[in-house]
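Okay, so here's the structure we're looking at.
Derivation of every value follows stated rules applied to the coordinates shown; laboratory data play no part. Because the structure is predicted, anything quoted here is derived from the model rather than measured. Every residue, glycine among them, receives a Cβ derived from its backbone with ideal geometry; neighbour counts consider all protein chains shown.
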Amino acid sequence: MFDALQLFRLDNRVALVTGGSKGLGKAMALALAGAGADVAISSRHLDEAEAAAQEIAEATGRRVIPIRADVTSADDVNAMVDQVVRELGRIDILVNNAGINRRGPILELDVETWHQIIETNLTGPWLCAKAVGPHMIAQRWGRVINVSSILGLVGLEERTPYASSKGGLIQMTRTLALEWAPYGITVNALCPGPIMTAINEVFKQNLEAYEAFRRRIPLGRWGDPEDIQGAVLFMASEASRFMTGAVIVVDGGWTAQ
């Protein structure tokens, strides 16, 4: 009997989720482990990664290892990938999720803020892909999922560094998809919309801004981190084996307007 759900199973796969200790990263790591993968989660704060890893391991019964790494450091990234391969045996799935945001008009932002956001949101994924590439090429199978944003597709005031980094990440996704297609590696971008994570907690302090965003979402609510789990599972599994260089939007309808 054909079981379509087997297309989404990740048994014997190993995933690395950067920024995996909280928010979207933690939700995605939980989904991947729940589908059968062993998972490594990285964070700049080892204690946060350890707590999340223990929670996910207890919930899923999978091996989940914490790693301290700053994705803007090539040395940290290379050491992170080496640790994943050493402890979990291989690396099949990379979720480039680590990211930061700073809001403000361009005339009030300094160049250091620009560089910090670009380094984390764009250079970081480039370094991570570069580090995992040899492993995926050698096994002729891999999934790279770059977590961009709807602000990589549409504009929003007071977001020049963030939107620029996320738009660049989409173009990196498309280019790398072409480079690595001959090796059986798919590279796709996931673009979340307004999802209530720590990076957006500021909106809870401003009810007017919170409601203004909510009114712009056709489904009528902010997203929850769990709303992203189905999409990342699809992108990481055999279900998406003929999809590369694509952009999947999970935004409650924001960009449909």
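Points to keep in mind about this one:
- Identity of the residue in region 42-87, in contact with a His (Cβ under 8 Å, 6 or more places away or on another chain) and assigned to a helix (DSSP H, G or I), that ends up surrounded by the most Cβ atoms within 10 Å (Cβ to Cβ): Val81
- Scanning region 96-126 for residues that are touching a Ser or Thr at 6+ places or on another chain (Cβ under 8 Å) and of a type in the set (Lys, Arg) gives a single hit, Arg102.
- Once region 6-39 is narrowed to residues that are within 13 Å of the chain's Cα centre (by Cα) and outside any helix (DSSP H, G or I), the residue that is surrounded by the fewest Cβ atoms within 10 Å (Cβ to Cβ) is Lys22.
- Some residue of region 92-106 being without any contact (Cβ under 8 Å) to a residue 40 or more places away in the chain and assigned to a helix (DSSP H, G or I): no
- Residue among Ala209, Ala181 that alone is touching a residue at least 24 places away in the same chain (Cβ under 8 Å), outside any loop (DSSP other than H, G, I, E, B), surrounded by fewer than 17 Cβ atoms within 10 Å (Cβ to Cβ) and of a type in the set (Gly, Ala, Ser): Ala181
- Region 7-33: number of residues that are of a type outside the set (A, V, I, L, M), in contact with a helix residue (DSSP H, G or I) (Cβ under 7 Å, 6 or more places away or on another chain) and under 27 Å from Glu201 (Cα atoms): 7
- Looking across region 141-178, just one residue is basic (Lys, Arg), over 13 Å from Thr244 (Cα atoms) and not in a helix (DSSP H, G or I), and that is Arg159.
- Residue match in region 197-206 (condition: closer than 21 Å to Val144 by Cα and in contact (Cβ under 8 Å) with a residue 40 or more places away in the chain): no
- The condition of being closer than 23 Å to Met28 by Cβ and either in contact with an Asp or Glu (Cβ under 7 Å, 6 or more places away or on another chain) or not β-branched (Val, Ile, Thr) (or both) holds for only one of His115, His135, that being His135.
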